[in-house]
Amino acid sequence: MSRIINNYFDGLAITPRHRLIYVVIMFAYFFEQFDNWNFGYVLPSIMQSMGLDMGHAGIITSWYFVGMMTGSIAGGILADMLGRRNALQLGVLIFSGSSVACGLADGFWLLTAARALTGFGIMCVNMSVIPYTTEISPAESRGKWQNLIAAAGLVGVPAVGVLCRILLPLHPEAWRWVFYAGGAGILLFLGAHRFIPESPRWLMARGRREEAEQVVREISGVDVDLSEVKVEKGGIRPSPAEMLLGLFSRDHVRTALVVISPFLLLGPASYLFQNWTTTLFKSQGFSLEDSLTITLFMQLGIPAGCFAFSFISEMGGRKIPLIGSMICMGAAGLSFIWWTEIWQYCAAGFLMMGCTNGMIYTYLAYASESFPSSIRSIGLAVLQAGNRIMTSLSSLVVPVLYGTFGFSGIISSFCALCVIPALFMAFFAKRTGGKPLEEI
């Protein structure tokens, strides 16, 4: 069979090997979300077991965010320097081993350190799998697969809740087994080593064309000639300093500002409702049971939204679903002011969280496409680190807003955080969906 000249996987069919790679990445997301959410469920048991108070809980959470911020930057640099596959395996080892260490911890500071390392490892994985999925997917379906992978992985959110519901009542120390379960992610290290090849675009950016062609051939079953493929703008083998400075160089500064700026507002918007819902709804007169029911429906909207967005994420080069979802988020938020019945809150919460999470993973696909291979992971790292910083600052603002303006002030702020990025993207964002990465 003669070789064909092609742009990696664009225009080629998704093969069983492709799907196997996607399944491994889905499990990476699953354990990432499992380890991300488990602490909130087991915290009351930990506080009782170790004699901790809310001040201790705040310190552990703060160091977890520090670990995530540093993991974003370090993971981005490692993924661009060592390759997506190697950075993924390293991140899996760190967050899985740290989860086990959380279960073994016999004191406050050891638990704090292990939890910080968990956050570090989670973001190392995140900075690897997002660009990797972008680089091995056909241009026609990059957003679809980002959202399908996220939908499958986010099943880890209700899964950890079910496991905690079963284990925690059994024994005062049963919280340790929840962390041990998170350590099962170590199996992904073996899966990544066996089934995930290096990104061909990363290999091409390092001048390793024959290896890149072999990877495309193994995944697609097509003998592809990449000799005429244009290597994405951004240089070959950049140093860490060159990657960080290059992100804001003359060639890339406009892209960096347009891509990163909206996400700095969207992060606090999503955090506000994912972390304050039970408290806010209870303040509106709902019982704790009703507040938890609303929160449950909101959580069910998380994977459902990602699944739904897999069908629409390519529309308008991504601008239509992104802008539309931000407007829907704001409208769903406003409905909390007008509606009073619990079923109305459940419906609005489901819609809002579905739009929020579908938007987030479509946005990450858009951001990943916007940067060239040589700085793709570091671009995403700065995006995520900035998001974490703004989210941390917003946690200090929410109580002040509520005390000054009440529930309506919280909702109005949420709507502003959704509408402003939508208007910004309408005027400045590029259309990236469906295009070869080398042409964006």
> Please state the relative contact order of region 4-231 as a whole percent: Cα pairs under 8 Å, 6+ residues apart?
Replying inline: 36 percent
> Among residues other than residue 70 whose Cβ falls under 14 Å from its Cβ, what is the net charge (Lys/Arg +1, Asp/Glu -1)?
Replying inline: +2
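Apply the Kirkwood formula to region 246-433: the hydrodynamic radius equals the inverse of the mean of 1/r over all pairs of different alpha-carbon atoms; give it in Å with one decimal.
Value: 17.0 Å, from the Cα pair sum.
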> Taking the Cα centre of the chain as origin and charging only Cβ (+1 Lys, Arg; -1 Asp, Glu), how large is the dipole, in debye to the nearest 20?
Replying inline: 480 debye
>> Taking 8 Å as the Cα distance limit and 6 or more residues as the minimum spacing, I'd like the relative contact order of region 249-375 as a percentage.
In response: 32 percent
> Out of these labelled values of Rg and Dmax of the Cα atoms in Å, [x] 21.6, 72; [y] 22.0, 76; [z] 23.7, 76, which was calculated from the coordinates shown here?
Replying inline: [x]
> By the scheme Lys and Arg +1, Asp and Glu -1, what is the net charge of all other residues having a beta-carbon under 13 Å from that of residue 383?
Replying inline: +1
>> Nearest 500 deg cm²/dmol is fine: what mean residue ellipticity at 222 nm does the chain get from its DSSP H runs of n ≥ 4 alone, each adding -39,500 (n - 2.57), divided by its residue count?
In response: -26500 deg cm²/dmol
> So, by mean Cβ neighbours within 10 angstrom, what's the order for 419-430, 366-377 with the highest one leading?
Replying inline: 366-377, 419-430
> For the chain, what are the DSSP H helices with axial Cα length of 15 Å or more and mean Kyte-Doolittle hydropathy of at least 0.0?
Replying inline: 16-50, 54-82, 84-104, 108-136, 156-167, 253-283, 288-309, 319-338, 342-370, 376-428
> Got a sec? How would 225, 106, 35, 290 order by Cβ neighbour count within 10 Å, fewest to most?
Replying inline: 106, 225, 290, 35
> Once Lys and Arg get +1 and Asp and Glu get -1 on their Cβ, which of 188, 174, 199 lies farthest toward the positive end of the dipole of region 110-208?
Replying inline: 199
>> I need 176, 217 ordered by Cβ neighbour count within 10 Å, fewest first.
In response: 217, 176
>> Give me the one-decimal nm value for the distance between modelled label points at residue 264 and residue 171, 7 Å along each residue's Cα-to-Cβ direction.
In response: 4.9 nm
> Count of lysine pairs in the chain with Cα atoms under 29 Å apart, counting only pairs 8 or more residues apart in sequence or on different chains?
Replying inline: 13
>> What does the C-alpha gyration tensor say about the overall shape of region 74-211? Classify as rounded when a/c is under 1.5, otherwise prolate if a/b is larger than b/c, or oblate.
In response: prolate
> So what is the relative contact order of the chain, in percent, for Cα pairs below 8 Å that sit 6 or more residues apart?
Replying inline: 24 percent
> Looking only at 353, 50, 68, which one moves most when the chain is put into a Gaussian network model with springs between Cα atoms under 10 Å?
Replying inline: 50
> Once label points are set 7 Å from the Cα along Cα→Cβ at both residue 396 and residue 251, what is their separation, rounded to one decimal in nm?
Replying inline: 3.8 nm
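No value in this document is a laboratory result; all are computed from the given coordinates. Quick caveat: nothing in here was measured; it's all calculated off a predicted structure. In this analysis, Cβ positions are derived from the backbone assuming ideal geometry, glycine residues included, and neighbour counts consider all displayed protein chains.
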